[in-house]
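What follows is one structure encoded as structure tokens, with my remarks underneath.
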Amino acid sequence: MNLYKKIVNMICFLFEIIGAISLGAMLVVVAIQVVLRYFFNNAPGWSEEMARQFMILFCFIAMALGVRDKIHIALTIIVERALKKITLPLEILGKILICFMGIMMSVNMGPYFTKLRYNRLPGTGIPVGYEYLFPTAVGILIALISVYQIYDHFKYGTDEQQRKQDDFTKKDATL
């Protein structure tokens, strides 16, 4: 399982790089659009489309990384109010639902790539199907991340127990 985690983390690292590049590119495109519109009263037609594409890319990557780092929106009130005995099963159920969501995201977005690959965006000429290619890959990544998180729950316990164990090992490393 350690090899599996390393592979998934390498994929996440690659996605982080792509996310940083898309965020920077979106910033540049929006700056160009603002300057050209404000000073020259003439913004290029492709700038709005490209900014939107970079934003979509960045948002989906952020969603996958939020699942990896466990900083996504969650209904913790149920887990916090539950008995300690059922906290672990509830967290495992949550990760199974996240895995299911990732699979369904891939299954439902994948066909749009093939159906819309001949339609083109008007400003850039990019095939519309490519908008759905990356969310499909992110759905697969979310499912892969949640699988190793489910494994971690069976091996190390709840998220709180894992955090305590990580804090304890970090203290040992600094001594």
Worksheet item: Cross-link partners among aspartates and glutamates for K84, C-alpha distance below 15 Å, same-chain residues fewer than 8 apart left out?
Response: D159, E160
Worksheet, complete the sentence: Counted neighbours (other Cβ, 10 Å), sorted fewest up, put D166, D159 in the order D166, D159
Discussion item. I'd like the FRET efficiency for N2 and Y112, computed as 1/(1 + (r/R0)^6) with the beta carbon distance as r and R0 of 25 Å, rounded to 0.05.
Written reply: 0.10
Worksheet, complete the sentence: Full extension between I77 and R120 adds, at 0.36 nm per residue less the Cα distance, a length in nm of 11.0 nm
Discussion item. Give me I78, I11, I98 sorted ascending by neighbouring Cβ count inside 10 Å, so fewest comes first.
Written reply: I78, I11, I98
Discussion item. If amide hydrogens are placed 1.01 Å from N in the peptide plane, which non-local residues have theirs closer than 5 Å to the one on R120?
Written reply: V128
Worksheet entry | Calculated [θ] (222 nm, deg cm²/dmol) that DSSP helices of n ≥ 4 give over the chain, each run adding -39,500 (n - 2.57) | -28500 deg cm²/dmol
Practice prompt. Mind checking which aspartates and glutamates have their Cα closer than 20 Å to the Cα of K164? Skip sequence neighbours fewer than 8 apart in that chain.
Written response: D69, E80, E91, D152, D172
Worksheet item: So what's the gap between the Cα centers of the range 99-168 and the range 38-85, to the nearest angstrom?
Response: 13 Å
Fill in: FRET E, pair R37, K70, Förster distance 41 Å, beta-carbon r, rounded to 0.05
0.50
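Any read-out appearing in this document is the output of simple, stated calculations on the displayed coordinates, not a laboratory observation. For clarity, every value in this text was computed on a predicted model and none was experimentally measured. Cβ coordinates were reconstructed from backbone atoms using ideal geometry, including for glycine residues, and neighbour counts include every protein chain displayed.
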